[in-house]
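Worksheet: the structure to be examined is printed underneath.
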Amino acid sequence: MSYLSSMPDAGLKEVLRMEPALGVPIAEYHQALLRGPSPFTEGERELIGGYISGLNACGFCFGEHQAVAEKMGIEAGVMDALMSDVETAPVSDKMKVILKFVKKLNDTPNRMTPDDAAAVHAAGWDDTALYHAVSVCALFNMNNRIINGLGIPAHDPDALDGIASRLVDRGYDSTIGFIKGDWE
């Protein structure tokens, strides 16, 4: 149950629908950042977002974005392996550099240095990749704070496949339609 007395069963979509003037731009930003052009695949962006959510102990976002990442080709179990140890997780060395960068940004943002960005560049990523990694980290920190702050529980595991399929097939535009009341 959420902490919202008017919506005890609310999920993120329902919260965003409370204030469409706030919710629609948030959903549009999800669509642009997570489905638009990027040096990262859509699955990699979902992986980064799910990883940040795991670091922030946001079960709702972790489960959802783990399921989406897996439907987008990220091997099952990778997210759990990342949560145990990035170094031994079955992702490329290039991606490990990004994941270490966003972990530091997430955990100790005031300790970021030019050397952190230089490591990203040295791994072969460009400035756009750096910007997108920072942006995905920031977006999921906002999402995690909304979810955790309002007490929204993790999804029922049986519902994750359908939720992930919708986000893979229709992107975050489907959330925009829900917020606007175009579909239930």
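Can you tell me which of 110-119, 144-153 comes out highest on packing, and rank the rest after it, using the mean Cβ neighbours within 10 Å? Could the numbers behind the result be given before it?
Numbers: 110-119: 10.6, 144-153: 16.7.
In decreasing order of mean packing, 110-119, 144-153 become 144-153, 110-119.
Taking the simple approach of a point 7 Å from Cα along Cα-to-Cβ for both T88 and A138, what is their distance in nm?
It is 3.5 nm.
What per residue convex hull volume, in Å³, comes out for the chain when only alpha-carbon positions are used?
118
Suppose R0 equals 30 Å. What FRET efficiency, 1/(1 + (r/R0)^6) with r the Cβ-Cβ distance, do S6 and M112 give to the nearest 0.05?
Using R0 = 30 Å, I get an efficiency of 0.15.
Check the straight Cα-Cα distances from K103 and name the lysines below 20 Å, setting aside those fewer than 8 residues away within the same chain.
Of all the lysines, those that pass the test against K103 - Cα under 20 Å, at least 8 places apart if same chain - are K94.
What is the chain's relative contact order, in percent, from Cα pairs under 8 angstrom and six or more apart in sequence?
37
Can you check what the net charge comes to around D173, using other residues whose Cβ is under 13 Å from the Cβ of D173 (Lys, Arg +1; Asp, Glu -1)?
Counting the neighbours of D173, the net charge comes to +2.
What lysines could a cross-link reach from K180, if we take a straight Cα to Cα line under 19 Å and drop same-chain neighbours fewer than 8 places away?
Output for K180: K13.
Run the numbers for D156 and K96: contour at 0.36 nm per residue of separation, minus the present Cα-Cα distance, in nm.
Working it through step by step, the gained length comes to 18.6 nm.
Bear in mind that the values in this text are calculations on the coordinates, not laboratory data. None of these values were measured; they are calculated from a predicted model. Every residue, glycine among them, receives a Cβ derived from its backbone with ideal geometry; neighbour counts consider all protein chains shown.
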